[in-house]
Amino acid sequence: MDEPSEQMMRPLLRTGLDEEALVDHGKSSFTTHTNYEMEDLENTPSQRVQFILGTEDDDLEHVPHDLFTELDELSFRDGSATEWKETARWLKFEEDVEDGGERWSKPYVATLSLHSLFELRSCILNGTVLLDMRANTIEDIADMVIDSMVASGQLKEDLRHKVREAMLKKHHHQNERKLSNRIPLVRSIADIGKKHSDPLLLERNGPLVSPNSVPNNLDGSKAVERRPSKVGVSRESSSVDFSKVDMNFMKKIPPGAEASNVLVGEVDFLEKPIIAFVRLSPAVLITGLTEVPVPTRFLFLLLGPRGKGPQYHEIGRSMATLMTDEIFHDVAYKAKDRTDLLSGIDEFLDQVTVLPPGEWDPTIRIEPPKNVPSQLKRKIPTQPNGTGSPAGELEKDEDPHAGPELQRTGRLFGGLILDVKRKAPFYWSDIRDSFSLQCLASVLFLYCACMSPVITFGGLLGEATKGNISAIESLFGASMTGVAYSLFAGQPLTILGSTGPVLVFEKILFKFCSDYGLSYLSLRTSIGLWTAFLCLVLVATDASSLVCYITRFTEEAFAALICIIFIYEALEKLFHLGEHYPINMHNSLDNLTLYSCQCSPPVNASTETEQKWNQTGFSADSIPWSSLNVSMCQTLDGEFVGPACGHHGPYIPDVLFWSIILFFTTFFLSSFLKQFKTERYFPTRVRSTISDFAVFITIMIMVLVDYLMGIPSPKLNVPDRFENRGWLMDPLGENPWWTLLVAALPAMLCTILIFMDQQITAVIINRKEHKLKKGCGYHLDLLVVAVMLGVCSIMGLPWFVAATVLSISHVNSLKVESGCSAPGEQPKFLGIREQRVTGFMIFVLMGCSVFMTSVLKFIPMPVLYGVFLYMGVSSLKGIQFFDRIKLFGMPAKHQPDLIYLRYVPLWKVHVFTLVQLTCLVLLWVIKATAAAVVFPMMVLALVFVRKLLDLFFTNRELSWLDDLMPESKKKKEDDKKKKAREKLEAESRLHDEEELRLKVNFESSNQLDVPLKSLSGRWINSIISNNGEEFEASVVITTASLNNRAHVQT
């Protein structure tokens, strides 16, 4: 192990021993290359690795798989080695067996000493490297390794038997001890439900049974081709002891994974270390070698004299950590010889970050990061002459509105037809994908969340229209519209609901009809039919393509406004409970025994009041006022007298304060349970289930607690009968004929309202951050909304359009994260569970609510208000606008590393935020006043405000802060230029790769063509050109000016 310092300090030079023994496919013959020393043609280790990874290899055995790496060390008893003992393992991060030997450590980022990495490089440089060995047992591997060591002079013949005996020692794994020592009575709750011998899981996890194993990269960022596994072992035909397999850990190993075994130890019969690196072809399942039954692909052996155990341990850790590195891992699979492995180590050393020893504690275990950075840039060659774009530029150059959904077709209903063609193939999967417990949780959550606003909206509409349209009609209309939308819409994740501007419009329309003696329902029907017709015109003319002008600036201002309204209204409803359940702000605890509140006759009774008394059979003198309860006193217009009375009745402090407790407990408990997935308690499946059902569990807990407390908090009141009225409205009715034509004017305003509400919500749902895979359908969505708006108008039902906060909550409740993750690795967001069943079931249950009033009446209204607050706050997450607002009060040194802060000056970020905040305040003022009917027009004005920002900000700055506005006239030309540029770049990249390759013609002459560009001014001292025979070569470099290449003649 004592390597000269010159070699230790020159890791990037390809220097080798006088002899190198290579075993070809595990045969007994050797090919020896003597006296070579070379420096690769590529300039840097990074370029050499990129060259290795870029080579095409038709051999499926060299296709990279995921790796499980295990470190075993020789343990001693009574001075002699007894067995190989597992001390650490890697799937993504390092896990060590703790000193007590009873448990695995928490996964952590491996920290290595630079010295151990250089020693490892020396091991690979001076040791035995056997690639593509064909062996079936550990005995075969040991024999071939020892033969190679003896042949190369690394091992003496008389030590063959002892080394073989050491290599074949029994392997003891940590899980064997854990399973054998476990007492059922002291198992932790977290282990309950875990299975430790499940053959079905083994069948699911890779090459034991599956004839076609698919190697998947752990981080999901690298797709590799399907490779048939050559290892097929069933439970009946294998000698694997399934009772010793930890099934809980087996779940974390991805299908198709292979093993890398690192064996290090100290023995008393060696004077100098012996090292071997073996790659098997094909991978072999060796019973007892690895903790989990996966085939072994790599084996690294290091045996040395006694006294250097810690040093060997660190070298073993370095080897295991290298095998988990994404780049070296691929190099190990594709390496042709020792020099390729050395290139991989050199490239790894180039990427290493060194921490000064005096500025941190090496014993600290670094927590795994939440997001592992992509290693793609280590694989892709940089562009020559510094033309490579910085990270992130390629993504920003992409047109965010270049999808086919928003392209104008130029044909009547062309966009609608394309939407139907795009969504039809996914219809069956929209049903099949709903078979998940998560969908049930989403249905229960959104049902409770949608019920209250629909009933509340119906009640307000009933007050505004004097009972023409009330809560029961609102409930029925929401159910019918929601079911139709879920079944036929292009984006079924959108949830329909009632909106504030619609209520304002209904109030204005009813007042107008009352003032001029017109039939409200008939005129409303006319306006609704005109609105539906205009929406159909928008669908026919592909007007939804204008959605491409709705950028993040507009959608975030709109979404933020709706979220703030949800939060404000939730708090406002709680505040209004104080009016119905007043409290005495000026009481004295000493006088509590003197407080009382009684009903007394009014001082000045009106004629109407006296008539009411007479109808009940009582006179003013015969009514027992002092014995009346609160409701009877209010019915008979009595007055409340006493120090415990408020304006509208007795003080009720317990109800108000209990409602406040229910309200905030619902909010905080829902937030806590939703984040329970990231807690450390209970198994993963239990945590995920609790997180999915967070809101429903919270509502059930609050209902139970409220019932046990017995305090009469306000409850959900669901109507259970329809009013006596017709269900088909006449558009003309008693109104003059000209109202049919005049109705087109307010219908235009309604059309803008419907279009903007619907499409902005659709844009938010279809964000690329949600990783939707089934596409969207803006034209189809608007068609379904238009048809159902016409149906609701004819039936005299309220109008419903996309509800932003409910839709965002629906999407958030259906987020899918990776289930098979390595220990310590954070689950990755994979996308949304796209299906139609949750929306369908939500609105079916809503329609059935009239038959469930006996159950729903137990739900306290403050609990539902707390759910509103939770939805409003949770929907604010991910809105960049609020992140930028926080920057105003944050010193520069405490500001997070936001991507746009790297490319846009801070003062310009503040200006952009102030403009957006001003627009938000204006929208709020308009929404809160009688001018709310023009709210959609103001949302439309945001698009023009955003366009004006082009005059102040550059396109580059806007690309980071927002989306670039599309230029419709130059769209086609830009697309052509973009395709031409991509084609040119692809051709240039291929040309560069071809020039970097070595062009060797052995048939005509021993001439090696080397591009001058790849030399970069460096002289090559010696190059070996091997045509199947051993020879020494001296080279002379000459330059040919005609083809600008260097000809290396041998």
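The values are calculated or read from the model by the stated rules, or taken from the named source; none is laboratory data. None of the values given here were measured: they were computed from a predicted structure. Please note: Cβ atoms are built from the backbone with ideal geometry, for glycine as well, and neighbour counts cover all protein chains shown. Ligands, DNA and RNA are stripped out before the accessible areas are found, and what is left, the full protein with its side chains, is counted by its heavy atoms. Shrake-Rupley method; radii C 1.70, N 1.55, O 1.52, S 1.80 Å.
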Practice prompt. Of the numbered conditions (1) open to solvent by 10 Å² or more (accessible area, probe 1.4 Å); (2) under 26 Å from MET700 (Cβ atoms); (3) touching a Leu at 6+ places or on another chain (Cβ under 9 Å), PHE488 fails exactly one; give the number of that condition.
Written response: (2)
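Results for (1) open to solvent by 30 Å² or more (accessible area, probe 1.4 Å); (2) in the same structural domain as THR456 (by the TED database); (3) basic (Lys, Arg), shown as yes or no for each residue.
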residue: VAL641; (1), (2), (3): yes, no, no
residue: PHE657; (1), (2), (3): yes, no, no
residue: ILE660; (1), (2), (3): yes, no, no
residue: SER671; (1), (2), (3): yes, yes, no
residue: ARG685; (1), (2), (3): yes, yes, yes
residue: PHE693; (1), (2), (3): no, yes, no
residue: ILE701; (1), (2), (3): yes, yes, no
residue: ASP706; (1), (2), (3): no, yes, no
residue: MET709; (1), (2), (3): yes, yes, no
Discussion item. Residues that are hydroxyl-bearing (Ser, Thr, Tyr) and modelled with pLDDT of 85 or more: list the strands (runs of 3 or more DSSP E) wholly contained in the range 53-118 that include at least 1 such residues.
Written reply: 67-77, 80-90
Item to complete: Of the numbered conditions (1) in a helix (DSSP H, G or I); (2) open to solvent by less than 30 Å² (accessible area, probe 1.4 Å), VAL718 fails exactly one; give the number of that condition.
Response: (1)
Fill in: Only listed residue being under 20 Å from PRO501 (Cβ atoms) and modelled with pLDDT of 85 or more, chosen from LEU920, LEU949
LEU920
Discussion item. If LEU772 meets every condition in (1) more than 22 Å from LEU406 (Cβ to Cβ); (2) in a loop (DSSP other than H, G, I, E, B); (3) aliphatic (A, V, I, L, M) apart from one, which number is that one?
Written reply: (1)
Discussion item. Is it the case, given these coordinates, that ILE550 is within 28 Å of PHE457 (Cα to Cα) and at pLDDT below 85?
Written reply: no
Practice prompt. Sort out which residues of the range 133-159 are outside any helix (DSSP H, G or I), open to solvent by 20 Å² or more (accessible area, probe 1.4 Å) and over 17 Å from LEU303 (Cβ atoms), and write them in order of number.
Written response: ARG134, ASN136, THR137
Discussion item. Being part of a loop (DSSP other than H, G, I, E, B), touching a strand residue (DSSP E or B) at 6+ places or on another chain (Cβ under 8 Å) and either of a type outside the set (Phe, Trp, Tyr) or under 24 Å from LYS677 (Cα atoms) (or both) is the requirement here; does PRO896 meet it?
Written reply: no
Worksheet item: Going through the range 673-706 one residue at a time, which ones are farther than 20 Å from TYR447 by Cβ and more than 19 Å from the chain's Cα centre (by Cα)?
Response: ARG680, TYR681, PHE682, PRO683, VAL686, VAL705
Worksheet item: Given the conditions (1) open to solvent by less than 70 Å² (accessible area, probe 1.4 Å); (2) aromatic (Phe, Trp, Tyr); (3) more than 30 Å from ILE752 (Cβ to Cβ), which single one is not true for PHE575?
Response: (1)
Discussion item. If the requirement is being closer than 26 Å to THR499 by Cβ, assigned by the TED database to the domain that holds VAL855 and in contact with a Ser or Thr (Cβ under 7 Å, 6 or more places away or on another chain), which of these qualifies: ALA471, ALA449, ALA484?
Written reply: ALA449
Worksheet item: Is it the case that some residue within the range 886-904 is touching a Gly at 6+ places or on another chain (Cβ under 6 Å) and touching a residue at least 60 places away in the same chain (Cβ under 8 Å)?
Response: no
Discussion item. Within the range 552-572, take every residue that is in contact (Cβ under 8 Å) with a residue 60 or more places away in the chain and more than 17 Å from PHE881 (Cβ to Cβ) and give me the one that is surrounded by the most Cβ atoms within 10 Å (Cβ to Cβ).
Written reply: ALA570
Discussion item. Considering only residues that are farther than 19 Å from LEU814 by Cα and open to solvent by 40 Å² or more (accessible area, probe 1.4 Å), which ones fall in the range 413-453?
Written reply: PHE413, ILE417, LEU418, VAL420, LYS421, ARG422, ALA424, PRO425
Worksheet item: Condition test on MET756, is it assigned to a helix (DSSP H, G or I), among the hydrophobic types (A, V, I, L, M, F, W, C) and surrounded by fewer than 18 Cβ atoms within 10 Å (Cβ to Cβ)?
Response: no
Worksheet item: Given the residues LEU772, LEU830, which is the only one that is touching a strand residue (DSSP E or B) at 6+ places or on another chain (Cβ under 9 Å) and within 21 Å of PHE558 (Cβ to Cβ)?
Response: LEU772
Worksheet entry | Residues located in the range 345-361, provided they are surrounded by 10 or more Cβ atoms within 10 Å (Cβ to Cβ) and farther than 28 Å from PRO45 by Cα | TRP360
